[in-house]
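Scroll down for the structure; my scribbles are underneath it.
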Amino acid sequence: MNISITGIAASALAARNPFQQRRVDFQVLKGALANGNLDRAQAAFDRITALYQPTSGSAPPSGSHPVLHDWSALSTALSAKDLPSAQSAFANLQTDLQARLYRAHPDSA
């Protein structure tokens, strides 16, 4: 097992900051899928999903938004232990998140 001081520091920071935790978990998910580690990818996916649980009184997002479709496809692929489909769904998720960010902040691209 390879543990770095940087990784420990990032984990400590992430524990105090939910936005940083999501960033760390997305990086873990990306790396796990790239390396074919479905168990680690599933664990990161589960942590991200837990961070996005709606609070009481708020409704979860609905509709046919591409990001929601990608997230559902990733969930299905991970549950089925289908690495190629999980990698494809994650690539689509990244593309759609970047497109959404660009639409929200076109001057920052």
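Quick notes
- Residues of region 71-103 that turn out to be surrounded by 15 or more Cβ atoms within 10 Å (Cβ to Cβ), at pLDDT 95 or above and more than 16 Å from residue 34 (Cβ to Cβ), as a count: 2
- Unique residue being of a type in the set (Gly, Ala, Ser), within 19 Å of residue 18 (Cα to Cα) and at pLDDT below 95 when the list is 50, 59: 50
- Among the residues making up region 29-45, a single one is over 14 Å from residue 90 (Cα atoms) and loosely packed, with under 13 Cβ neighbours inside 10 Å: 39.
- Selection of region 1-39 for residues being assigned to a helix (DSSP H, G or I), of a type in the set (A, V, I, L, M) and at pLDDT below 95 yields 5, 8, 9, 10, 12, 13, 14, 15, 24.
- Beta carbons closer than 7 Å, at least 6 apart along the sequence or on distinct chains, pair a first residue in region 68-87 that is within 18 Å of residue 28 (Cβ to Cβ) with a second that is of a type in the set (Gly, Ala, Ser) and not in a helix (DSSP H, G or I) for 83/36.
- Scanning region 77-97 for residues that are under 18 Å from residue 47 (Cβ atoms) and either not in a helix (DSSP H, G or I) or not hydrophobic (A, V, I, L, M, F, W, C) (or both) yields 79, 94.
The values are calculated or read from the model by the stated rules, or taken from the named source; none is laboratory data. These numbers were taken from a predicted model, which means no experiment stands behind them. No Cβ is skipped: glycine too gets one built from the backbone with ideal geometry, and neighbour counts run over all protein chains shown.
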